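Shown next, in structure tokens, is the structure this report addresses.
The values are calculated or read from the model by the stated rules, or taken from the named source; none is laboratory data. Just so we're clear, the structure is a prediction, and the values are computed from it rather than from any experiment. Using ideal geometry, Cβ is built from the backbone for each residue, glycine included, and neighbour counts are taken over all protein chains shown.
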Amino acid sequence: MHPLIKVENLCKRYARRGFMGAAKGLLALDRVSFTIFPATTLAIVGESGSGKSTLALILAGLEHPTSGSIWFAEKEITNLSENELRKLRPQIQLIFQDPANSLNSRWNALEILLEPLVLQNKLTRAEMRRRAYFHLERVGLSPEILKRSANELSGGQRQRLAIARALALEPKLLILDEALSALDCSVQAQIANLLLDLQSSLGMTYLFITHDLAMAAHFADEIAVMNRGRIVEHGPAQKVLQQPGNETTRQLLAAIPRMSNATLPVPER
């Protein structure tokens, strides 16, 4: 089986001005490499500033890397033109921590669901509505919410709506950038279980970005731990959790509250 995503020696350097106006570069990603196979989940775990979100933006085609290569479905996509990127983006969808910031508050839920389909301009209006209703049901939302704005929905409902909106484009990869961290524990578990159900039924592939090593261990097949733009540890989820080989991983583990497994919001795999 070929990987869906293959990243090799990815670097991202931002130019900035230092003391007395001297040019100084910020290395946000430093030779990052990994692969993700179809219908699996890789969790990228690290503290704020470790490079996780920069990586998400680059993979979604919203930022350009300084160097390195990205292969998607066996095609090199690092230096695509803007026109080629527009064709690729529906296949790689990014879901953010707070959907309230990515969902238009002036629109109702139906308009939000239809927007990406309207922009693609490949379906009739009736086909778009059918697809919107289909994916709304897939994520466990009632058609009754379609006339309500995003501001009228709970955090869990908004995140389900964001997932339905992404699924409407039938992507191959979902990038979940801290997509569970703004939710309370019970809703976290519900959304995590929904994502696992979708992975099972649709063969979805996930890049799960989080600072929560405990949730990553329960949700992901593999974990890559990042620190200062580099992957410092990478392996099967349970091995990383039980046999950490890097100090950054051990610090993340030490930050997990000492709870019993019964109280952790454990998704069902």
remark   = How many residues of region 159-177 are surrounded by fewer than 22 Cβ atoms within 10 Å (Cβ to Cβ) and among the basic types (Lys, Arg)? The answer is 1
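Rundown of residues vs (1) touching a helix residue (DSSP H, G or I) at 6+ places or on another chain (Cβ under 9 Å); (2) buried (at least 18 other Cβ atoms within 10 Å of the Cβ), yes/no style:
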| site | (1), (2) |
| --- | --- |
| LEU114 | yes, yes |
| ASN121 | no, no |
| ALA132 | yes, yes |
| SER142 | yes, no |
| ALA150 | yes, yes |
| GLN157 | yes, yes |
| LEU195 | yes, yes |
request  = Determine whether GLN159 is in a helix (DSSP H, G or I), within 21 Å of the chain's Cα centre (by Cα) and polar (S, T, N, Q).
outcome  = yes
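Any chance you could count how many residues in region 1-56 are part of a loop (DSSP other than H, G, I, E, B), among the polar types (S, T, N, Q) and modelled with pLDDT under 95?
Step one: list which residues in region 1-56 are part of a loop (DSSP other than H, G, I, E, B), which gives 1-4, 18, 22, 37-40, 46-51.
Filter once more, keeping what is among the polar types (S, T, N, Q): 40, 48, 50.
From what's left, modelled with pLDDT under 95: 48, 50.
Counting residues in region 1-56 that are part of a loop (DSSP other than H, G, I, E, B), among the polar types (S, T, N, Q) and modelled with pLDDT under 95 gives 2.
Kindly establish whether LEU114 is modelled with pLDDT of 90 or more, assigned to a helix (DSSP H, G or I) and more than 18 Å from LEU198 (Cβ to Cβ).
Working: modelled with pLDDT of 90 or more: yes; assigned to a helix (DSSP H, G or I): yes; more than 18 Å from LEU198 (Cβ to Cβ): yes.
Yes; evaluated as a whole, the condition is true for this residue.
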ask   = In region 228-253, which residues are touching a helix residue (DSSP H, G or I) at 6+ places or on another chain (Cβ under 8 Å) and either assigned to a helix (DSSP H, G or I) or surrounded by fewer than 16 Cβ atoms within 10 Å (Cβ to Cβ) (or both)?
value = ALA237, GLN238, VAL240, LEU241, THR249, LEU252, LEU253
remark   = Checked region 60-106 for anything under 23 Å from LEU183 (Cα atoms) and either modelled with pLDDT of 90 or more or surrounded by 15 or more Cβ atoms within 10 Å (Cβ to Cβ) (or both); matches are GLN93, LEU94, ILE95, PHE96, GLN97, ASP98, PRO99, ALA100, SER102, LEU103
key: region 246-257 - residue that is touching a strand residue (DSSP E or B) at 6+ places or on another chain (Cβ under 8 Å) and either modelled with pLDDT under 90 or of a type in the set (S, T, N, Q) (or both) and, of those, nearest to LEU42 (Cα to Cα)   = THR249
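Just the residues that are farther than 14 Å from LEU169 by Cβ and touching a residue at least 24 places away in the same chain (Cβ under 8 Å), please, taken from region 103-138.
Residues of region 103-138 that are farther than 14 Å from LEU169 by Cβ, as a first pass: 103-111, 124-126, 129-130, 133, 136-137.
Scanning region 103-138 gives LEU103, ASN104, SER105, ARG106, TRP107, ASN108, ALA109, LEU110, LEU136.
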task = Give region 165-200 a look and list any residue that's assigned to a helix (DSSP H, G or I), in contact (Cβ under 8 Å) with a residue 24 or more places away in the chain and among the hydroxyl-bearing types (Ser, Thr, Tyr), or say none.
result = SER186
